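Student: Please see the structure below; I have some questions.
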Number of protein chains: 2
Amino acid sequence: MNTNATGTPASDAKDIPRVGWIGTGVMGASMAGHLLDAGYEVTLTTRTRAKASTLLDRGARWADDPKEVAQRSDIVFGIVGFPSDVRQVFLDEHDGVIAGLSPEGILVDMTTSQPSLAVEIHQAAKRRGLHSLDAPVSGGDRGAREGTLSIMIGGEDAPVERVMPCLKCFGKTIVHQGGPGAGQHTKMVNQTLIATGMIGVCEALVYASRAGLDLPTVLQSVSSGAAGSWSLSNLAPRMIDGDFDPGFFVEHFVKDMGIALAEAKQMNLSLPGLALAEQLYLSVMAKGGAKDGTQALVRAVADLSGMDWN
Amino acid sequence: MNTNATGTPASDAKDIPRVGWIGTGVMGASMAGHLLDAGYEVTLTTRTRAKASTLLDRGARWADDPKEVAQRSDIVFGIVGFPSDVRQVFLDEHDGVIAGLSPEGILVDMTTSQPSLAVEIHQAAKRRGLHSLDAPVSGGDRGAREGTLSIMIGGEDAPVERVMPCLKCFGKTIVHQGGPGAGQHTKMVNQTLIATGMIGVCEALVYASRAGLDLPTVLQSVSSGAAGSWSLSNLAPRMIDGDFDPGFFVEHFVKDMGIALAEAKQMNLSLPGLALAEQLYLSVMAKGGAKDGTQALVRAVADLSGMDWN
């Protein structure tokens, strides 16, 4: 989006939506910051006000709860923690977003959450004459910072078009996947791919280690061909270095796998690879790794064979 | 390798090794062809002579068995089917390669085979004053045709250096991984990565399909980020199209997984992801898919949930 000299979006002022933002964690803070950079008027709230201080210093306005954010906005984005948080933020009759938005207002849930909850929120919004989109992202804290997120959208066409200029402030691959819930379903597809692929990366490294191979040399042979993946190129080197700092927390990934498996069960789907991944990640959690990065899976896989990884 | 006007390698003639080749299947025929292109004198044998006819027309010489190939060669390459074939080609006392090579001769097994068999062959070769390398490849028929294979080498330094000019005729990523068996172990790492990753790709597509998503549109969202992999980019589109033509046969992949799991068991390693992949691929075999491409796994994964994939 182009901005003019005074920092407001360079389109006719009456078309510029007032933006609300809920949730200023690692992801949300960067994303809301891009909207401020683009000149949007942003009203926000978050559980811990201190986490919003930088954004407030940069001109964002504080509101005390999601309903108040909604009352002062045309479009409200949320990116919070768990589906229970999503439910409270958007659906709470007392201080939720839907209770505060004016007719034709749009709410956009960017939390990775349940597809079925996205449908429920959509229906509740519709009853009030509002629009609802589910739009979870992938790309991590780095994608949020650099504005290169992949955004997977579920919902109707008109609101997608309306929010697109905002999404372009922090997204690079922005795809409308279908009706309500389709964004969340697509995110579950994404997480299923990552989860099962991570088992392969960990088992491969554990095998190589036990076979006495030099792990970085092995990566030279296997990274660029048919065995190659983002996880292998980006996380295997960190596993080899014993670097378990979080790019993405184990506990958040476990949440996502739980959602995917519950939705799969509702759809009568058997996904043994994803179920195995969940079990192995639960073992990481059981041994105190909830706040490690997802690459810590290698410890649990090594431990199956009595190996201390690092 | 540079060649001069008469098609022989452009180095001093007395340094140019006479090359033997055993096995002219899809991979071997292309690879041996590159050696002919580079001007090497190639003597070959294969189980079905008709499969060598093009190479013979191009100047390769026929021998009746591996021993005779070895008697007329300084370096003998083999790329055959199963470990039992490898054992016969190299170790058979009557007509195997080791029985025919002159002292200082080098044998190179490029079949994907058992690391422990590679060690056994190395020891047998050493007792006869010969050198042995295990050098399995990845990159498939296309990599063989285009000369862009990844070659993973196990063995001692001197013979690796000696065969390198030959390997460069068909390899792009050529890495000496360690002592005898290290090439095969690295290939097992490669196959472990592919096998488990394939479960993820198949479960992701089956989930997406059951959720009612448009599969090519889903790939737009998930292919280029943290969920991305070679298998997702190259095989998922073929799964979506119902194209199960073999790039790599299911039955060969099942052989490889069997080797990896047996070696892992010998090393006291628990690899539940790879074991699951083997079981699912055995289901593909059980339903007549032995000669399908590895992407046929999606049928077995879909079938778990009572879905007919294509």
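Student: For the stretch B:33-141, take the alpha-carbon Rg, divide it by the Kirkwood Rh, and send me Rg/Rh. Present the calculation step by step, with values, prior to reporting the outcome.
Tutor: Details: Rg = 13.3 Å, Rh = 14.1 Å.
Ratio of gyration radius to Kirkwood radius for the stretch B:33-141: 0.95.
Student: Also: Can you list residues from other chains, or at least 5 along the same chain, whose modelled amide H is less than 5 Å from the amide H of residue A:173?
Tutor: Close amide H contacts, sequence-distant or interchain: A:150, A:151.
Student: Here's a follow-up. With both bridge residues required to lie in chain B, what share of the DSSP beta bridges run antiparallel, to the nearest 5%? Walk me through the intermediate numbers first.
Tutor: On the way: 5 of 29 bridges.
If I count the DSSP bridges inside chain B, around 15 percent turn out antiparallel.
Student: Give me the inter-chain shielding for B:212-220: mean count of other chain Cβ atoms within 10 Å, whole number please. Present the calculation step by step, with values, prior to reporting the outcome.
Tutor: On the way: counts 6, 11, 4, 1, 0, 7, 9, 3, 7.
Mean inter-chain Cβ contacts per residue within 10 Å come to 5.
Student: On to the next question. Explain nothing, just compute: Karplus ³J(HN,Hα) = 6.51 cos²θ - 1.76 cosθ + 1.60, θ = phi - 60°, for every residue of the stretch A:295-302 in order, whole Hz, x for Gly and Pro.
Tutor: 5, 5, 3, 4, 5, 5, 5, 5
Student: Quote the FRET efficiency, to the nearest 0.05, computed for residue B:88 versus residue A:82 with a Förster distance R0 of 56 Å and r equal to the Cβ-Cβ distance. Each step should come with its number before you reach the end.
Tutor: Details: r = 60 Å, r/R0 = 1.07.
Computed FRET efficiency for residue B:88 and residue A:82: 0.40.
Student: To continue, here is another question. Over the stretch A:186-304, what percent of the accessible surface lies on carbon and sulfur atoms, probe 1.4 Å? Write out the running numbers ahead of the final one.
Tutor: Values: 1980 of 3910 Å².
So the carbon and sulfur contribution to the accessible surface is 51 percent.
Student: Using bins 10 angstrom wide from zero, how does P(r) for the protein assembly as shown break down, in % of all Cα pairs?
Tutor: 3, 16, 23, 20, 15, 11, 7, 4, 1, 0
Student: Here is a further query. Against the longest principal axis of chain B, how steep is helix B:272-286, in degrees 0 to 90 to the nearest 10, with axes from Cα atoms?
Tutor: Approximately 90 degrees, to the nearest ten.
Student: How far apart, in nanometres, would the label points at residue A:287 and residue A:47 be if each is projected 7 angstrom from Cα along the Cα-to-Cβ direction?
Tutor: So the label points at residue A:287 and residue A:47 sit 2.8 nm apart.
Student: By Cβ position, which chain B residue lies least far from the axis that rotates chain B onto chain A, and what is the distance to the nearest whole angstrom?
Tutor: So the chain B residue sitting closest to the axis is B:229, 2.
Student: Largest first and in whole Å, what are the equivalent-ellipsoid semi-axes of the stretch A:186-304 based on the Cα gyration tensor, each being the root of 5 times an eigenvalue? Please list the in-between numbers first.
Tutor: Working: eigenvalues 120, 51, 31 Å².
In descending order, the three semi-axes are 24, 16, 12 Å.
Student: Mind listing the phi-derived Karplus ³J(HN,Hα) values for the stretch A:187-203, rounded to whole Hz, using 6.51, -1.76 and 1.60 with θ = phi - 60°, and x for any glycine or proline?
Tutor: 5, 5, 4, 4, 5, 4, 4, 5, 4, 6, x, 5, 4, x, 4, 5, 5
Student: What does the copy distance list look like for residue B:220, label position 7 Å along Cα→Cβ, in nm and ordered from shortest?
Tutor: Going from nearest to farthest copy, the values are 4.1 nm.
Student: Now for a separate question. Among A:30, A:19, A:107, which residue has its Cα furthest toward the positive end of the charge dipole of the stretch A:19-179, with +1 on Lys/Arg Cβ and -1 on Asp/Glu Cβ?
Tutor: A:30
Student: Could I ask something else about it? As a test of the formula, what do you get for chain A when each DSSP H run with n ≥ 4 contributes -39,500 (n - 2.57) and the sum is divided by the residue count, at 222 nm and rounded to the nearest 500 deg cm²/dmol?
Tutor: Details: 15 runs with 155 residues, N = 310.
That comes out to -15000 deg cm²/dmol.
Student: Name the long-range amide H neighbours of residue A:77: under 5 Å, sequence gap of 5 or more, or other chain; modelled H, no Pro or chain starts.
Tutor: Residues meeting the criterion, in which the H sits 1.01 Å from N, are A:20, A:21, A:22, A:108.
Student: Please compute the modelled spin-label separation between residue B:54 and residue B:308, points set 7 Å along Cα→Cβ, answer in nm with one decimal.
Tutor: Taking the simple label geometry, residue B:308 and residue B:54 are separated by 3.8 nm.
Student: So, one more: Kindly work out what percent of the DSSP beta bridges joining two residues of the stretch A:19-179 are antiparallel, to the nearest 5.
Tutor: Values: 3 of 27 bridges.
About 10 percent, rounded to the nearest 5.
Student: Quick check: convex hull over the Cα atoms of chain A, volume per residue in Å³, rounded to an integer? Don't skip to the answer; put the middle values down first.
Tutor: Working: hull volume 45.0 nm³, N = 310.
It comes to 145 Å³ per residue, whole-number rounded.
Student: Next question, about the same structure. Before I look further, what does the protein assembly as shown give for accessible area per residue, probe 1.4 Å, in whole square angstrom? Mind showing how you got there, number by number?
Tutor: Details: 24490 Å² over 620 residues.
With the other protein chains kept in place, the protein assembly as shown gives 40 Å² per residue.
Student: By how many nm would the segment from residue A:268 to residue A:61 lengthen if fully extended, with 0.36 nm per residue of separation less the alpha-carbon distance?
Tutor: Numbers: separation 207, 0.36 × 207 = 74.52 nm, distance 4.57 nm.
Working it through step by step, the gained length comes to 69.9 nm.
Student: Sorted by accessible area (1.4 Å probe), largest first, how do A:251, B:41, B:93 line up?
Tutor: Values: A:251 45, B:41 70, B:93 170 Å².
Output order, biggest surface exposure first: B:93, B:41, A:251.
Student: What's the carbon and sulfur percent of the stretch A:19-179's accessible surface, probe 1.4 angstrom, rounded to a whole number?
Tutor: Values: 2960 of 6480 Å².
Its accessible area is 46 percent carbon and sulfur atoms.
Student: Before we go on, tell me the buried accessible area for the B/A pair, both chains summed, 1.4 Å probe, in Å² to the nearest 100.
Tutor: Working: alone 14610 and 14640 Å², together 24490 Å².
Protein heavy atoms only, the B-A interface buries about 4800 Å².
Student: Also: Whole-Hz Karplus ³J(HN,Hα) for the stretch B:172-177, in order, using 6.51 cos²θ - 1.76 cosθ + 1.60 and θ = phi - 60°, x for Gly and Pro?
Tutor: Once rounded to whole Hz, the list reads 10, 9, 10, 10, 7, 8.
Student: Please report the antiparallel percentage of the DSSP beta bridges confined to the protein assembly as shown, to the nearest 5.
Tutor: Numbers: 11 of 59 bridges.
Once the DSSP bridges in the protein assembly as shown are tallied, antiparallel ones form about 20 percent.
Student: Let me confirm one metric for peptide A:228-236, namely the mean number of other chain beta-carbon atoms within 10 Å of its residues' beta-carbons. Display every interim value, and only then the final one.
Tutor: Working: counts 9, 12, 8, 7, 4, 2, 1, 1, 1.
Across the residues of A:228-236, the mean count of other-chain Cβ atoms within 10 Å is 5.
Student: Given labels modelled 7 Å from the Cα in the Cβ direction, how far is it in nm from residue B:164 to residue B:214?
Tutor: Result for the modelled spin labels: 5.2 nm.
The values are calculated or read from the model by the stated rules, or taken from the named source; none is laboratory data. Remember, it's a predicted structure, so these values are computed and weren't measured experimentally. Neighbour counts run over all protein chains shown; Cβ positions are idealised from the backbone, glycine included. These accessible areas exclude ligands, DNA and RNA; they are computed on the full protein's heavy atoms, side chains included. Shrake-Rupley method; radii C 1.70, N 1.55, O 1.52, S 1.80 Å.
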